[in-house]
């Protein structure tokens, strides 16, 4: 197997593995615990390398898991016996265990330690690759089984306990499996950048879907894609380190997902905000046209813009996009629906919520854009079909049923 | 045991100054529960250090500090923006930002560091053993190694900062709204603290490397907080911890023949553990009756 083929296979596996575990690491807010584990396993890794002499991945992983457990126990001891906060305990365990690892490296100089510190994906041999494949295959085979209980334990451990799940055992197994995944991934990207492999794809997936299952699949895909992209870029030219390139490719994916992710990516959220603002401005304009037609000279006209007039004309709310705008029948229905919502809400606030009549207008200015037909009927029924709002203005009757303006989800 | 030479003296001084320089702002990070921001900064300054190094061609240039402080600021801003405006959880935001900056730094080091003596080993291990024999500077008519001068200067800077900004730090760490009422802008205090942290991290980088810098930031303060009950005692305890870790670390490095920075950190951790056990066994001064009545 050529070095490039090895690197590609390993990148794929590690991306899948880290995507899966990273999803839970992110939802459990364990990103920095993952960072701690990746540093805390170092003395174990070095001890395993020294002990086995031949870089046996089983021995190395076993020692690494032992060191990871020791790190977690040390952290627990610090939290229990001192008044230090979790961040300080985490920082102490992380840096001191790493220092012990560095001391061991400098004392024994085991071969292969550099791969764990810096990550050399192309230097993995067939045995490492077999181990990696085994770990990934077992994880992915068990994933559909583990998924449900892991989700339950991650989001609501108390409920999981009531259901009879062995919460503590599942937590322990998760930590052990995560430690093994970290040890494996360290060889590809190095001790510091494992955190990027775990956290970045999973955090990127959170922007794209609210579902944990789809997010997990997406994180696996992004992890594998980022790792492959890193390997590809580093193979373009000699002397480019793979680990940092993988981390940077993942960071680019993350930024793309954060910008364009359909769930709560920044650009879609921005577009939604603009759309809502436009709707509110148009509705305010329609309402002011209605007031003008009803002869309420004391109400100032809401300013209009050319694009707004064009949109309203296209929707058939006003006769043409030219000033002065004239409401169509449909526009009049929509506007009176808004006025109706406004005045009903004022009446509701004054009668039921006990607001002073001079305090309800501002509230109703906001609420009129969000109350749908059903809610209006409900309010009307509750107030006993009031004819007038607290200021004495008549509440317009329900417009014809097919008016679409207020049929929207809040 | 081998002879105690002048090199040993300089090694111990450099370690002591580095530990002190990190410990003084570090205790405020611990008190503010920002230890992991310290971790993020210690990794994120790497691109700034590389850029400063490439721009100036020397490891003792002020450009390194400026570049590092800028990158530290960028990282903290990035984490804040991702967290508050971007809707990413704080721990995940920290993990993403510092790994990205670190990756950028390592990449730049590989790409442009070939012709200069800045290598990735320095990032993980520190290079005090070689740096101690490096360029010498003359201070007050005495020839001292550049790294001792740098770390001593960093310690001086940190000491001046915590002395001058003491009330500001105290108010903003324990009661930010009150600090705002006193017109001691807590946000500015936080920014100053992080800038000083970035500056001392640059000094510590050469001594112990990026990751063990975190130990020097946290361990002296954490140990001192176990025993001290007043601010002056806290700073005295930090100084004692820094001095003892330097001396004991030097001994340990000699006995075990291991990396000097790692030995200093392990010695500091041993002191922390001993202090924690002693504090647990109530070997510390007991509270006076009126203190007990107040608690």
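I need the fraction of alpha carbon pairs in the stretch A:85-239 separated by more than 19 Å, rounded to a whole percent.
66 percent
How far is helix A:194-206 tilted, in degrees, relative to the longest principal axis of the Cα atoms in chain A, given as a value from 0 to 90 rounded to the nearest 10?
20 degrees
Rounded to a whole number of µm²/s, how large is the Stokes-Einstein D of the stretch A:1-145 at 25 °C and 0.890 mPa s, given Rh as the Kirkwood radius over C-alpha pairs?
D = 150 µm²/s.
Where the Cα atoms of chain B are projected onto their three principal axes, how long is each span, largest first, in whole Å?
65, 55, 36
Partner chain Cβ atoms within 10 Å, averaged over the residues of B:122-132 - can you pull that number for me?
2
Order these by the 10 Å Cβ neighbour count, fewest first: B:22, B:122, A:260, A:220.
A:260, B:122, A:220, B:22
What do you get for the angle between helix A:329-351 and the principal long axis of chain A? Use alpha-carbon atoms, 0 to 90 degrees, nearest ten.
Roughly 80 degrees, rounded to the nearest 10.
Normalise the Debye intensity by I(0) for the stretch A:259-410, one equal point scatterer per Cα, no solvent, then take log10 at q = 0.13 Å⁻¹ and round to two decimals.
For the stretch A:259-410 at q = 0.13 Å⁻¹, log10 I(q)/I(0) is -0.64.
Per-residue ellipticity at 222 nm for the protein assembly as shown, helices alone: DSSP H runs ≥ 4 residues times -39500 (n - 2.57), over residue total, nearest 500 deg cm²/dmol?
Working: 31 runs with 522 residues, N = 705.
Dividing the helical sum by the residues of the protein assembly as shown leaves -25000 deg cm²/dmol.
Got the relative contact order for chain A handy, in percent, Cα pairs under 8 Å and 6 or more residues apart?
17 percent
Under 37 °C and 0.692 mPa s, how fast does the stretch B:90-237 diffuse according to Stokes-Einstein, given a Kirkwood radius computed over C-alpha pairs? Answer in µm²/s, whole number.
184 µm²/s
Distance between Cα centroids, the stretch A:220-258 to the stretch A:102-144: provide it in whole Å.
Here the two parts' Cα centres lie 19 Å apart.
Just want the ordering: B:137, A:26, from fewest to most Cβ atoms lying within 10 Å of their own Cβ.
B:137, A:26
Let me have the relative contact order for the stretch B:75-225, percent, based on Cα pairs under 8 Å that are six or more residues apart.
Answer for the stretch B:75-225 is 23 percent.
Can you tell me what percent of all Cα-Cα pairs in the stretch A:11-88 are more than 22 Å apart?
Distances greater than 22 Å cover 37 percent of the Cα pairs.
Counting partner chain Cβ atoms within 10 Å of every residue's Cβ in A:75-88, what's the average?
Taking all residues of A:75-88 together, the mean is 5.
Relative contact order for chain B: what percent, with Cα pairs under 8 Å and sequence separation of 6 or more?
It rounds to 28 percent for chain B.
What number do you get for the stretch A:196-303 when its Cα radius of gyration is normalised by 2.2 N^0.38 Å, N = residues?
In units of the globular-protein estimate, the stretch A:196-303 measures up at 1.81.
Which distance in Å, rounded to a whole number, links the C-alpha centroids of the stretch A:69-101 and the stretch A:352-380?
What the calculation gives is 55 Å, centre to centre.
Could you tell me the center-to-center distance, by alpha carbons, between the stretch B:123-153 and the stretch A:158-204 in angstrom?
Each part's Cα centre sits 42 Å from the other's.
Expressed in whole Å with the largest first, what are the equivalent ellipsoid semi-axes of the protein assembly as shown derived from the C-alpha gyration tensor as the square root of 5 times each eigenvalue?
Taking √(5λ) for each eigenvalue gives 57, 32, 26 Å, largest first.
Between the helical axis of A:31-40 and the dominant principal axis of chain A, each derived from Cα atoms, what acute angle in degrees is found, rounded to the nearest 10?
With both axes taken from Cα atoms, the answer is about 10 degrees.
Regarding chain A, what's the average projected area of the Cα-atom convex hull, expressed in nm²?
The number I arrive at for chain A is 29.3 nm².
If R₀ is 30 angstrom, what is the calculated FRET efficiency for the pair residue A:125 and residue A:70, using the beta carbon separation as r and rounding to 0.05? Don't jump to the answer; show the numbers that get you there.
Working: r = 28 Å, r/R0 = 0.93.
The value I calculate is 0.60.
What's the average, rounded to a whole number, of partner chain beta-carbon atoms within 10 Å of each residue's beta-carbon in A:195-202?
Mean shielding by partner chains, rounded to a whole number: 4.
Quick check on the stretch B:1-87: what does the Kirkwood estimate of hydrodynamic radius come out to from the alpha carbon pairs, in Å? Could the numbers behind the result be given before it?
On the way: mean 1/r = 0.0661 Å⁻¹.
This gives a value of 15.1 Å.
Would you kindly calculate the translational diffusion coefficient of the stretch B:138-185, applying Stokes-Einstein with the Kirkwood radius from alpha carbon pairs, for 10 °C and a viscosity of 1.306 mPa s, and quote it in µm² s⁻¹ without decimals?
Answer, rounded: 124 µm²/s.
How would A:170, A:280, A:246, A:162 line up from fewest to most surrounding beta-carbon atoms within 10 angstrom?
Numbers: A:170 18, A:280 15, A:246 33, A:162 10.
In increasing order of surrounding Cβ atoms, one gets A:162, A:280, A:170, A:246.
Read-outs throughout are calculated quantities, based only on the coordinates presented, and are distinct from any laboratory measurement. Keep in mind that what you see is a predicted model, and the values were worked out from it rather than measured. Neighbour counts run over all protein chains shown; Cβ positions are idealised from the backbone, glycine included.
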